[in-house]
Amino acid sequence: MTKTAETDDRGRIVIPHEIRERHGTRYRIVELADRVELIPLQDDPIAGLRDAVGDAFEGRSVAEIKRDARDAAREDTVAEFGESRE
């Protein structure tokens, strides 16, 4: 489905009823180099994440996923900038 929308004088866009019915009323606005996209958000962001990545996190708690993400970010930082000297 393709629809055209315009902003009003306050910068608001009305999302057509049929799209809201299908995708909900909450969206993440993503600005890309050549366009802006609206990504529907689920009421439960963790469920949305699990839907997006399939079973990659199956059987893992949110705490485990966060810990692994922090560890990976730390490793990437150390690899790029070296160890921190506090």
* To do: Enumerate the pairs (first residue in the range 1-29 and under 16 Å from ILE39 (Cα atoms); second residue anywhere and surrounded by 12 or more Cβ atoms within 10 Å (Cβ to Cβ) and of a type in the set (Phe, Trp, Tyr)) with beta-carbon separation below 9 Å, excluding pairs fewer than 6 apart on the same chain, so at least 6 apart or on different chains.
  => ILE15/TYR27
* Selection status of ASP43, assigned to a loop (DSSP other than H, G, I, E, B) and farther than 27 Å from LYS66 by Cβ -> no
* Residue satisfying condition, being in contact (Cβ under 8 Å) with a residue 12 or more places away in the chain and touching a helix residue (DSSP H, G or I) at 6+ places or on another chain (Cβ under 9 Å), within set LEU49, LEU38 -> LEU38
* **Selected residue (only one of ASP51, ASP43, ASP34, ASP55 is touching a Gly at 6+ places or on another chain (Cβ under 9 Å), loosely packed, with under 11 Cβ neighbours inside 10 Å and not β-branched (Val, Ile, Thr))** => ASP43
* Asked: So ARG28 clears everything in (1) loosely packed, with under 10 Cβ neighbours inside 10 Å; (2) assigned to a strand (DSSP E or B) except one condition, right? Which one?
  -> (1)
* To do: Run ILE19 past the list (1) at pLDDT 85 or above; (2) out of contact with any Lys or Arg (no Cβ under 8 Å at 6 or more places or on another chain) and report the number of the one that doesn't hold.
  => (2)
* Could you count how many residues in the range 20-37 are among the aromatic types (Phe, Trp, Tyr) and over 14 Å from ALA5 (Cβ atoms)? -> 0
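The values are calculated or read from the model by the stated rules, or taken from the named source; none is laboratory data. This one's a predicted model, so the numbers in the text were calculated from it and none came from an experiment. So basically every Cβ, Gly included, is an ideal-geometry build from the backbone, and we count neighbours across all protein chains shown.
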